[in-house]
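Below is one structure, written out as structure tokens, with a few remarks after it.
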Amino acid sequence: QARLVESGGGSVQAGGSLRLSCEASLSTATHTPDCMGWFRQVPEKEREGLAMIYVRNGNDYYADSVKGRFTISRDNAKNTLYLRMNKLEPEDTATYYCAADQRCRILYAPAVLDEWGQGTLVTVSS
């Protein structure tokens, strides 16, 4: 089992930007997961996969709802994953979770991922 810790959430006004970070511990991992990414969730709604990146080569993929606004990246030397969010809207308000998944299911099956963190709350006001 891996341990993922998100940070960087907070309150911003519509149109603003925020960068989330996810630090991944290595002590409990059996091997480096092929993919990492981000999903979000609001109460009474299903998880929404947002962005995914192949850890080794950096290829990245996005949900239509955030494509062009959000950018995923990683610094493998720092064991850290990032999500840069631009042009935030009130509809983006949610708890954002970092995830690791060997089978790279973050965008299409976020409910059955291998690992995820405790989440960080993002609130966008109008």
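Couple of notes before you dig in:
- Of everything in region 114-126 that is at pLDDT 95 or above and open to solvent by less than 60 Å² (accessible area, probe 1.4 Å), the residue that is farthest from residue 33 (Cα to Cα) is 125.
- Of all residues in region 78-107, those satisfying the criterion of being modelled with pLDDT of 95 or more, under 19 Å from residue 55 (Cα atoms) and not in a strand (DSSP E or B) are 103, 104, 105, 106, 107.
- Test: residue in region 86-109 that is open to solvent by less than 30 Å² (accessible area, probe 1.4 Å), in contact (Cβ under 8 Å) with a residue 60 or more places away in the chain and acidic (Asp, Glu): yes
- Flag for residue 8 being surrounded by 13 or more Cβ atoms within 10 Å (Cβ to Cβ), more than 11 Å from the chain's Cα centre (by Cα) and on the phi > 0 side of the Ramachandran plot: yes
- For region 39-61, residues that are crowded, with 17+ Cβ neighbours inside 10 Å and of a type in the set (Gly, Ala, Ser) total 2.
- Annotation note: of 70, 39, the sole residue that is touching a Gly at 6+ places or on another chain (Cβ under 9 Å) and aromatic (Phe, Trp, Tyr) is 39.
- Only listed residue being loosely packed, with under 14 Cβ neighbours inside 10 Å, at pLDDT below 95 and out of contact with any strand residue (DSSP E or B) (no Cβ under 7 Å at 6 or more places or on another chain), chosen from 75, 64: 75
The values are calculated or read from the model by the stated rules, or taken from the named source; none is laboratory data. This structure is a prediction, so every number in the text was calculated from the model and none was measured. Every residue, glycine among them, receives a Cβ derived from its backbone with ideal geometry; neighbour counts consider all protein chains shown. Heads up: the accessible areas ignore ligands, DNA and RNA and are worked out on the full protein's heavy atoms, side chains in. Shrake-Rupley method; radii C 1.70, N 1.55, O 1.52, S 1.80 Å.
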